[in-house]
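Okay, so here's the structure we're looking at.
The values are calculated or read from the model by the stated rules, or taken from the named source; none is laboratory data. Being a predicted model, the structure only gives us computed values, none of them experimental. All Cβ positions, even for glycine, are placed from backbone atoms using ideal geometry, and neighbour counts span all protein chains on display. Side chains included, ligands, DNA and RNA excluded: accessible areas come from the protein's heavy atoms. Shrake-Rupley method; radii C 1.70, N 1.55, O 1.52, S 1.80 Å.
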Amino acid sequence: MIDKKHITKRKNGLQTKDNILKESALLFSKFGYNSVTVRKIAYACRIKESSIYNHFKSKEDILSELFMIFEKTFSSTRLSSSELEEVIIENSLEHALRVVVARNDQDNSMIDNIATIIFIERFNHEKAAELYTRVLINQQITYFEDVFLLINNKYGLKHETTYLHHLAINFSYAFMALSHEYAMAKNNMINKEHVIRKMMNALQFYVTLLQPKGDLNDATK
């Protein structure tokens, strides 16, 4: 026989844990990891401080789980190889890049907050520095390099792989910075329309760089 009380208790426990993670991500991103106490997290969650320890051993344990969630979830913002090929085949060059960037910026406030934590804490926290370098930088560069290679082949642009590699590096850093600005805009910290306009201008700039021009490849030789 199913114990309904046990199921309800477990469900409530999971909801409490999720809320702790959500509120911790928000607090850490706003005030910095070192400035937030377990008591402040409990207050934001409207629970007793002791209740936090039913789910996490320490504040560091909360941060570690947030980092794990980020790594698992962030990869889902990237199009799969088959999805990427379909987007590039069915759309113009500019629209294909728009789809890629839009997919890379799904509306997930918790992931935005964790990305902000990683960006801030990379100077103080070894795991944050490792995630910043491996996931936000290196994996993104590899992903956008694959995007540009597919675009290069699909449209017959004939750019050299060295040029596309350098373009992917530049593109990754530019859109990482703009993504942080967009996250700030979604929290009403800066003007959202202004950030979107900058993103569209940057996108158009990279579309121009991908257009076939005789001297583009020579610049990287």
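Shown here: volume of the Cα convex hull per residue in Å³, derived from the displayed model; of the candidates (i) 137; (ii) 156; (iii) 123, it corresponds to (ii). Within the full protein context, the accessible area of Phe123 is estimated at about 150 Å² for a probe radius of 1.4 Å.
Mind giving me the FRET efficiency for Asn138 and Phe31? R0 is 41 Å, r the Cβ-Cβ distance, nearest 0.05 is fine.
Efficiency, rounded to the nearest 0.05: 0.90.
With the simple spin-label model, which puts each label point 7 Å out from Cα in the Cβ direction, the Thr208 to Glu126 separation comes to 4.6 nm.
Placing unit charges on the Cβ atoms of the charged side chains and taking the dipole of region 22-81 about its Cα centre, the candidate lying farthest along the positive direction among Phe74, Tyr43, Phe28 is Tyr43.
Between region 48-80 and region 186-202, the C-alpha centres lie 28 angstrom from each other. Taking the chain as a Gaussian network of alpha-carbon nodes connected by springs under 10 Å, the highest mean-square fluctuation of the residues Tyr43, Tyr182, Tyr163 belongs to Tyr43. Taking Cα centre as origin and charging only the Cβ of basic (Lys, Arg, +1) and acidic (Asp, Glu, -1) residues, the dipole magnitude of the chain rounds to 1160 debye.
Taking amide H as placed 1.01 Å from N in the peptide plane, Ile190 has its amide H under 5 Å from the amide H of Ala185, each at least 5 places away in sequence or on another chain. Taking the longest Cα principal axis of the chain as reference, the axis of helix 59-74 is set at about 40 degrees.
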